[in-house]
C-alpha cells in the first residue's frame, strides 16, 4: 500500500531527481513547451508552478530563492521579465499537460507540457467560442435576409473572378502573339545571315581555286623550261 507516498521518485536518487527537474523547468521557461513522459510532467508541474508564483513579485529575495532551484541566470531573467508579466493575472494553473500517446519501445505514456498563456491557438479558439456562444432571436428572424445577402455577394464575387480571368486570358494571348512575331523575325534574320555566309564562302572558294590553278600552271611551265634546257645542253 502507498499510504502518504506523495512523491514520485521517478527511479532516481534525490540529487538526480532535483537536477533533472531543474533542467526541465529551465527548458520549459525558455522554450515554453517540452515533450516528456506523463510521470515526469506531473512532477515538473508541482516543481515549477510555485516558482512562477514567486516570480509574480519581483524582489531580490524571490530571485535568489528561484535561482537556488533553477541555477541559471538566463532562465531566471526570462521568468521574471516575460513569463511572470504574461501570467500575472492568472491565479494558478500555469501549465497544461497534453497527452500524445505512447512511446515506441517501452510503451510509456508521452505528453507535451506547456505554459498555458503561450498557446495562442487555443486562446483564440476559446475567444471565438465565447463570442459565438450565445444567439439572439433577431438572428433567427433575419436569417433569410442574411442568406439573400450572401447569395448576392457570391454572385458578385463570381462575376469579378470571371472578369479577372478573361483579362488574364487576353493578356496571355497577346503575349503569345508577340512572342510568335519575335520568333519569326529572328528566324528570318538567322536565314539571311546564313545565306550571306554561304555566298561569302563560295567566293572565297572560287578565289582559292583560281590561285591553285595559277600555281599549277606556273609549276608546269617551270618543269617544261627545265626539260628544254637539259635537251639543249645535250
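Quick notes on this structure:
- Note on the range 14-70: enclosed helices (runs of 4 or more DSSP H) holding 2 or more residues that are under 17 Å from residue 97 (Cα atoms) are 14-31, 38-55.
- Within the range 9-31, the only residue that satisfies the criterion of being buried (at least 18 other Cβ atoms within 10 Å of the Cβ) and touching a strand residue (DSSP E or B) at 6+ places or on another chain (Cβ under 6 Å) is 28.
- Scanning the range 86-117 for residues that are part of a helix (DSSP H, G or I) and either touching a strand residue (DSSP E or B) at 6+ places or on another chain (Cβ under 7 Å) or modelled with pLDDT of 90 or more (or both), we see that the one that is nearest to residue 58 (Cα to Cα) is 86.
The values are calculated or read from the model by the stated rules, or taken from the named source; none is laboratory data. Just so it is clear, the structure is predicted and the values come from calculations on it, not from any experiment. A quick note on method: Cβ atoms are made from the backbone with ideal geometry, for glycine too, and the neighbour counts reach across all protein chains shown.
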